[in-house]
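Notes to accompany the following structure.
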Amino acid sequence: MRHPQGGDRRPWRSGLFAALLVLAVTVVVVSAAAAKPTAKGATVKVGLITKDATNPFFVKMHAGAIAAASKGGADLIYAAGKDSSDNAGQITAIENMVTAGVKGILITVADAKAENAAIAQARAKGVLVIALDSPTSPTSAVDALFATNNFNAGVFIGKYARAATKGRKVTIAMLDEHAGSSVGALRHNGFLKGFGIKKNDKQIACVANGGGQQTQSQPAMENCLQKNPNINVLYTINEPSAAGAWTALKKAGKSKNAVTIVSVDGGCAGVRNVRAGVIDATSQQYPLRMASLGVAAVVKFANGGAKASGYTDTGLNLIAAKPLKGVPSKSVKYGLANCWG
């Protein structure tokens, strides 16, 4: 494998379902060296496990999986961690889904390695496992990966931030997800590459963990501003993190023009923040496509088709309100028309 790189408006239901799934299914030993085609007339069961059930990115992914399962005549079983670092919750969900008889599991792993043993056990029982968005380490821990090239997502916004601040003294803050996040590492390192600096560059005043959440990113940004109030470039792991950071910056008296903010996701709310001037540029990815391709691959496999393998790049575009020379980008209009499609 080459290295990559209408949603549900009531996400609490997804979280509740995930909790019920964990509680209701009794783990039993299943013996099957390889998957057999689904019996004629039987409904294919597909599992989807996301990092959490409230992040808009995963809400959209869930919606895409529901639509694809309905189209393919499959049943979708959904579970999510309580937050983006809930490895134990994801492991339990994998085990419960295998017991429930899924033919395939789609998963955005919370950690690059922590879920690998549970994934290996599922695969040994004939279950197709496809990683969505977040690669495992090694990538061969799963059968296939359908994802944005997250490193390039970081490179795109790093180049934009560099061009936007050309000739100016910069003081950088970086809000990551959490230690062990493969997506976080790829985007972080991609930003550094695009901006043209190393991880220990003196221009980086603060690196903090915002958890990819708005509520956690505000205090993380407040702490960064205490370390250095002159921060004028901000990288965030995703747009909810950017929104939380902007609240902290605004409270500190910073104007939109005073700080160049770049992020990743390209969700509808995030693109509207680009239009409003809160975020200068964002790398747009397409979780609905990830989920749709994943469900279709499981249904095909369950019906005797070929097993999905390798890396499928699900697309990426830089969205910016102000195009800059030498940095290819799409307009806000394009971003809103294609947000997470």
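The values are calculated or read from the model by the stated rules, or taken from the named source; none is laboratory data. Predicted, not measured: the structure shown is a model, and the values here were computed from it. Glycine gets a Cβ as well: all are built from the backbone with ideal geometry, and neighbour counts include every protein chain shown. Surface accessibility is based on the protein's heavy atoms, side chains included, excluding ligands, DNA and RNA. Shrake-Rupley method; radii C 1.70, N 1.55, O 1.52, S 1.80 Å.
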Does region 109-148 come out rounded, prolate or oblate, given a ≥ b ≥ c as the square roots of the eigenvalues of its C-alpha gyration tensor, rounded meaning a/c under 1.5 and, failing that, prolate meaning a/b above b/c?
-> oblate
Share of accessible surface on carbon and sulfur in region 130-204, whole %, 1.4 Å probe and ligands ignored, is 52
Based on the inverse mean of 1/r over its pairs of different Cα atoms, what is the Kirkwood hydrodynamic radius of the chain, in Å?
-> 20.2
Subtracting the Cα-Cα distance of Lys202 and Asp313 from 0.36 nm times their residue separation yields 36.6 nm
Quick shape check on region 252-299: root eigenvalues a ≥ b ≥ c of the Cα gyration tensor, a/c under 1.5 is rounded, otherwise prolate if a/b tops b/c, else oblate, and it reads prolate
With the cut-off at 23 Å, report for region 200-314 the share of all Cα pairs above it, as a whole percent.
-> 41
Enumerate the amide H contacts of Asp133 below 5 Å, restricted to partners 5 or more residues apart or on another chain; note that Pro and chain-start residues carry no placed amide H.
-> Phe146, Ala147, Thr148
Please compute the net charge surrounding Lys193, taking Lys and Arg as +1 and Asp and Glu as -1 over other residues with Cβ under 15 Å from its Cβ.
-> +4
To the nearest 10 square angstrom, how much accessible area does Leu76 have with a 1.4 angstrom probe?
-> 40
What is the local net charge at Ile237, summed over the other residues whose Cβ is closer than 10 Å to its Cβ (Lys, Arg +1; Asp, Glu -1)?
-> -3
Unit charges on C-beta of K, R, D, E only; dipole of the chain, Debye = 1100
Indicate, rounded to the nearest 5 percent, the antiparallel portion of the DSSP beta bridges found entirely in region 204-341.
-> 40
Given the candidates Val327, Ile261, Ile49, the one whose Cα lies deepest towards the positive end of the charge dipole of the chain, counting +1 at each Lys or Arg C-beta and -1 at each Asp or Glu C-beta, is Val327
Post the alpha-carbon centroid distance, region 293-341 to region 158-193, in whole angstrom.
-> 22
Cβ charges +1 (Lys, Arg) and -1 (Asp, Glu), total dipole of region 131-228, debye = 740
Compute the signed sum of charges (Lys and Arg +1, Asp and Glu -1) over the other residues within less than 12 Å, Cβ to Cβ, of Thr92.
-> -2
Violations at 18 Å Cα threshold for listed pairs Lys169/Lys198; Lys103/Lys300; Lys159/Lys322; Lys45/Lys125; Lys202/Lys322 -> Lys202/Lys322
Trypsin sites (Lys or Arg not before Pro) restricted to DSSP loop in region 193-245 with at most 16 other C-beta within 10 Å = Lys198, Lys199, Lys202
Inverse mean reciprocal Cα-Cα distance (Kirkwood Rh) of region 74-113, Å | 10.7
Return the Rg/Rh value of region 95-196, two decimal places, where both radii are evaluated on C-alpha atoms and Rh is the Kirkwood radius.
-> 1.15
If you average 1/r over all unlike Cα pairs in region 48-148 and invert the result, what Kirkwood radius do you get in angstrom?
-> 13.3
Just in region 287-341: which trypsin sites (Lys or Arg not before Pro) are loop by DSSP and have at most 15 other Cβ atoms within 10 Å?
-> Lys307, Lys325
Please name which of Ile107, Leu76, Ala163 has its Cα lying farthest along the dipole of the chain towards the positive end, using unit charges on Cβ (Lys, Arg +1; Asp, Glu -1) and the Cα centre as origin.
-> Ala163
Residues of the chain: accessible area per residue at 1.4 Å, in Å²?
-> 43
Any chance you could look up the accessible area of Thr165 with a 1.4 Å probe, heavy atoms only, rounded to 10 Å²?
-> 0
Which residues' amide hydrogens lie under 5 Å from the amide hydrogen of Leu106, considering only partners 5 or more residues apart or on another chain, with H built in the peptide plane?
-> Gly47, Leu48, Ile49, Ile130
Could you list which residues have their amide H under 5 Å from that of Ile204, counting only those 5 or more apart in sequence or on another chain, with H placed in the peptide plane?
-> Ile172
Placing +1 on each Lys and Arg Cβ and -1 on each Asp and Glu Cβ in the chain, then taking the dipole about the Cα centre, the residue among Ala65, Asn96, Ala242 whose Cα reaches farthest towards the positive end is Ala242
Quote to one decimal, in nm, the extra length available between Thr99 and Lys251 on full extension: 0.36 nm per residue of separation minus the C-alpha distance between them.
-> 49.7 nm
Dipole magnitude of region 264-319 about its Cα centre, charges +1 at Lys/Arg Cβ and -1 at Asp/Glu Cβ only, in debye to the nearest 20?
-> 200
